[in-house]
Amino acid sequence: MSFGKTKTKSPMKAVFRNSNYPKLKQLRMLYSFKQEYIADQLGISQSEYSRLENGQRHVKIEDFKKLASLYRVTPALLMVSEAYAHVDVEKIKAEVIEETNSITKRMMEENAILQSRLDEAIQTTQTLLKAIAELQNKKPRITHDSYNSENSSRKTKPKKNIAR
């Protein structure tokens with residue numbers, strides 16, 4: 001009889017270690033993310049992320065949570081093997097398209113408001129420029145040349161020399 005401790009692998013560790021995670025690549029490609037971007041989100045290097053995606057790196061639960069949030073899926077979907085999980089790519093595509101359309105609509109509405117404000121500002125500026133032009137036309141303008149010619153045409157009286 002052997003009284004030594006036998007090491008048993010935890011079923012959870014088997015899921016997290018030495019597993020290939022094709023869903024990670026599938027989702028990354030669906031969202032057109034580069035490995036560098038995902039690695040940055042996880043706070044790891046691109047090469048570490050590549051190893052993670054290929055099942056050559058230990059994956060932390062926190063990483064699964066961040067990835068799940070990024071891809072809008074549950075962490076469990078990312079953690080279980082391919083045989084037990086299905087990524088509904090079409091559903092995710094539809095959600096991404098819907099969100100993109102919503103953002104586009106909101107941006108177009110904001111653009112219309114900004115265009116309206118710009119048109120008002122242009123109109124106000126044109127009104128102010130007309131008012132300035134009218135004021136300039138009402139006041140006689142004295143230039144340096146006209147002032148000098150006006151003064152030179154005047155005759156000045158010579159001062160009398162008063163002797164004391």
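Okay, residues lined up against (1) within 23 Å of Gln41 (Cβ to Cβ); (2) modelled with pLDDT of 90 or more; (3) in the same structural domain as Lys25 (by TED's automatic domain parsing); (4) exposed (fewer than 11 other Cβ atoms within 10 Å of the Cβ):
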| residue | (1), (2), (3), (4) |
| --- | --- |
| Ser69 | yes, yes, yes, no |
| Glu95 | yes, no, no, no |
| Glu109 | no, yes, no, yes |
| Gln115 | no, yes, no, yes |
| Glu120 | no, yes, no, yes |
| Lys130 | no, yes, no, yes |
| Leu135 | no, no, no, yes |
| Tyr147 | no, no, no, yes |
| note | Taking region 73-93 and the residues there that are modelled with pLDDT under 80 and of a type in the set (Val, Ile, Thr), the one that is surrounded by the fewest Cβ atoms within 10 Å (Cβ to Cβ) would be Val89
| request: Report the residue count in region 45-55 for those that are touching a residue at least 12 places away in the same chain (Cβ under 8 Å) and in a loop (DSSP other than H, G, I, E, B). | output: 2
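The values are calculated or read from the model by the stated rules, or taken from the named source; none is laboratory data. In this text the structure is predicted, and so the values were computed from the model without any measurement. All Cβ positions, glycine included, derive from the backbone under ideal geometry; neighbour counts span all protein chains shown.
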